[in-house]
Amino acid sequence: METTKKFLIIDGSSMLSTSYYGNLPKSVLYAKTDEEKEKHYSEILHNSKGEYTNALFTMLRTLISLYKKAKPDYVAVAFDVSRDTFRRTVLGADSYKANRKEAPAPLKEQFIAMENLLQKIGCQVLMDKDYEADDFAASLVRKFESPELETYLLTKDHDYFQLVSDYTRLWRVTDKEKVKDMQQRYGLCAGENGYTSLPAGIFEYTADIVYAEEGVYPENIVTLLSITGDPGDGIPGCKGVSSAAAPLVNEYGSLDAIYAVIDDCEGNKKKEKALSDFWKSSLGIGRSPLNALKENKETVYLSYQLAKMKDDIPIAQSLEDFALNIDKAALKEELRRYEMLSLIAELRL
């Protein structure tokens, strides 16, 4: 019997950033100002040419462990290029991710290095100034997911919950204690698919687990975020409605349906009270969100556009173009350049 093949889609920006901050000297990690951090940059892992390698080394170690345990047949790595994606340029959302600090110079350098390294060894790298890594992941899922292909998304970003389905699961990167807690509550999902384990700090989310954690199924995550907002991403949502969001989304299924029942009241106070009473008695919503939703309708719909991953970016490659076929000679050359001799030995190159 033919084994179902596996397609692993990696959020490269998330993984490299996590690798960078997880392998910094304490002098940099705990410095209170950027000026103080810069004074200790020389202590960050680097090769004899002065090229920073702490994030590269850690990410490569993670990838090696992942490939050995999960054995994917196809791999794609997506990267962010700029914050000025269509969400800012087309939608005009200047607040989108505006609170995120610019990447430090040693990390910026390693973004370019990792993107180049992956391309040199034969990995498909997807990136564009107009889109985020998330958008490429969504577009890959839309194009390739099927009952005949197991698709896995590797990231620490909870926004990816919206892509989970019967055929696509999320391998979310988190701390070991969180993974242990999730395993105790939900079991070892990965073991059900024939994997004995995943690398430390990764937990597999199914649609049912997304529902248990978020209160809605993956197909309704974007609608949920459009109401709750996401301060970390600069998605405003509707203030004061977060606790009522999941019951409303589960009852009506879409923003249009929620606003249809509000609009049906036509501003009539009796009808609005009846609607609020229904929400309280049937949905368990104590404090009525009706007025807040009315006042913030435009912001809620903008939040929907910001939260929804763009899933129709043209993907020129065929599935076979993503086949995992590493150029070992090129990999060895890159590892020598960055003086990662332990990885050369581990891979027996």
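The values are calculated or read from the model by the stated rules, or taken from the named source; none is laboratory data. Predicted model only: the values in this text are computed from it and were never measured. Cβ placement follows ideal geometry from the backbone for every residue including glycine, while neighbour counts extend to all protein chains displayed. The area values use the complete protein model at the heavy-atom level, side chains included, leaving out ligands, DNA and RNA. Shrake-Rupley method; radii C 1.70, N 1.55, O 1.52, S 1.80 Å.
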*Name, by its number, the condition in (1) assigned to a loop (DSSP other than H, G, I, E, B); (2) of a type in the set (D, E); (3) touching a strand residue (DSSP E or B) at 6+ places or on another chain (Cβ under 8 Å) that does not hold for D311.*
(3)
*Of the numbered conditions (1) at pLDDT 85 or above; (2) within 26 Å of T299 (Cα to Cα), T174 fails exactly one; give the number of that condition.*
(2)
*Would you mind listing the helices (runs of 4 or more DSSP H) fully within the stretch 1-86 where at least 2 residues are over 21 Å from V173 (Cβ atoms)?*
26-29, 34-39
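Residue check: is Y74 of a type in the set (F, W, Y) and without any contact (Cβ under 8 Å) to a residue 12 or more places away in the chain?
No; evaluated as a whole, the condition is false for this residue.
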*Looking for whichever is open to solvent by less than 30 Å² (accessible area, probe 1.4 Å), out of contact with any His (no Cβ under 7 Å at 6 or more places or on another chain) and hydroxyl-bearing (S, T, Y) here; the options are S42, S14. Which one fits?*
S14
*In the stretch 152-173, how many are assigned to a strand (DSSP E or B), under 10 Å from the mean Cα position of the chain (by Cα) and either closer than 19 Å to G215 by Cβ or not β-branched (V, I, T) (or both)?*
5
*So which of K39, K68, K6, K32 is more than 21 Å from the chain's Cα centre (by Cα) and under 29 Å from E148 (Cβ atoms)?*
K68
*Are any of the residues in the stretch 282-302 under 29 Å from V75 (Cβ atoms), of a type outside the set (A, V, I, L, M), in a helix (DSSP H, G or I) and touching a residue at least 60 places away in the same chain (Cβ under 8 Å)?*
no
_Regarding the stretch 248-263, can at least one residue be identified that is of a type in the set (F, W, Y) and under 30 Å from I9 (Cα atoms)?_
no
*Considering residues of the stretch 17-35 that are aromatic (F, W, Y) and without any contact (Cβ under 8 Å) to a residue 24 or more places away in the chain only, the residue most open to solvent (accessible area, probe 1.4 Å)*: Y30
*Just a yes or no: is a residue in the stretch 245-253 among the charged types (D, E, K, R) and either at pLDDT 85 or above or more than 25 Å from T155 (Cβ to Cβ) (or both)?*
yes
